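Peer 1: Starting off with a structure, shown below.
The values are calculated or read from the model by the stated rules, or taken from the named source; none is laboratory data. What you are looking at is a predicted structure, and each value in this text was computed from that prediction instead of being measured. Cβ sites come from the backbone with ideal geometry, for glycine too, and all protein chains shown count toward neighbours. Side chains are part of the model used for accessible areas, which takes the heavy atoms of the whole protein and leaves out ligands, DNA and RNA. Shrake-Rupley method; radii C 1.70, N 1.55, O 1.52, S 1.80 Å.
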Amino acid sequence: MRHLDRLRVVFRSSLNLPEGTDVDGLEYRSIPQWDSLGHMALIAAMENEFDIMIDTDDMIDMSSFDKAVRLLEKQGVAA
């Protein structure tokens with residue numbers, strides 16, 4: 001499974017969204033589930049799924065699905 005597909009699954013699972021929900025345009029606080037607690041659950045799930053460590057600055061900056069994609073690329077996770 002490509003990293004983008006894996007990231008979509010992580011977003012849906014961490015934010016308790018139904019399977020098939022389009023997450024590509026999601027932004028922080030654009031849905032009730034992506035609040036501060038949801039954000040930390042999402043960060044932890046990304047670290048677990050991709051075997052990476054996300055530093056504090058990147059945690060704060062990750063405010064959309066697109067920024068999460070760029071964060072993975074910065075971490076060396078490729079398609």
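Peer 1: So which residues in the stretch 29-47 are open to solvent by less than 90 Å² (accessible area, probe 1.4 Å), out of contact with any Lys or Arg (no Cβ under 7 Å at 6 or more places or on another chain) and not in a helix (DSSP H, G or I)?
Peer 2: Correct list: Ser30, Ile31, Gln33, Trp34.
Peer 1: On to the next question. Working only within the stretch 36-76, note down all residues that are charged (D, E, K, R) and under 18 Å from Val9 (Cα atoms).
Peer 2: Glu47, Glu49, Asp51, Asp66, Lys67, Arg70, Glu73
Peer 1: Take Leu26 and tell me if it is open to solvent by less than 60 Å² (accessible area, probe 1.4 Å), touching a residue at least 12 places away in the same chain (Cβ under 8 Å) and touching a strand residue (DSSP E or B) at 6+ places or on another chain (Cβ under 8 Å).
Peer 2: yes
Peer 1: Can you tell me how many residues within the stretch 48-74 are over 19 Å from Asp24 (Cβ atoms) and either surrounded by 14 or more Cβ atoms within 10 Å (Cβ to Cβ) or among the aromatic types (Phe, Trp, Tyr) (or both)?
Peer 2: Total meeting the criteria: 4.
Peer 1: Residue pairs, Cβ under 7 Å, 6 or more apart or interchain, first in the stretch 1-19 and within 14 Å of Glu47 (Cα to Cα) and of a type in the set (A, V, I, L, M, F, W, C), second open to solvent by 80 Å² or more (accessible area, probe 1.4 Å) and part of a loop (DSSP other than H, G, I, E, B). List them.
Peer 2: Cβ pairs passing all conditions: none.
Peer 1: Moving to a separate point now. So which residues in the stretch 8-28 are over 11 Å from Phe65 (Cα atoms) and assigned to a loop (DSSP other than H, G, I, E, B)?
Peer 2: If the condition is that a residue be over 11 Å from Phe65 (Cα atoms) and assigned to a loop (DSSP other than H, G, I, E, B), then Leu15, Asn16, Leu17, Pro18, Glu19, Gly20, Thr21 are the ones that fit.
Peer 1: Restricted to the stretch 29-65, and to residues that are touching a strand residue (DSSP E or B) at 6+ places or on another chain (Cβ under 9 Å) and without any contact (Cβ under 8 Å) to a residue 40 or more places away in the chain, which residue is farthest from Asp5 (Cα to Cα)? Write out each step before concluding.
Peer 2: Of all residues in the stretch 29-65, those touching a strand residue (DSSP E or B) at 6+ places or on another chain (Cβ under 9 Å) come to 30, 34, 63-65.
From what's left, without any contact (Cβ under 8 Å) to a residue 40 or more places away in the chain: 30, 34, 63-64.
Working: Ser30: 21, Trp34: 19, Ser63: 19, Ser64: 16 Å.
Here the residue is Ser30.
Peer 1: Another question, if that's okay. Among the residues of the stretch 54-63, is there at least one that is in contact with a helix residue (DSSP H, G or I) (Cβ under 9 Å, 6 or more places away or on another chain) and among the charged types (D, E, K, R)?
Peer 2: Yes: the stretch 54-63 contains one or more residues that are in contact with a helix residue (DSSP H, G or I) (Cβ under 9 Å, 6 or more places away or on another chain) and among the charged types (D, E, K, R).
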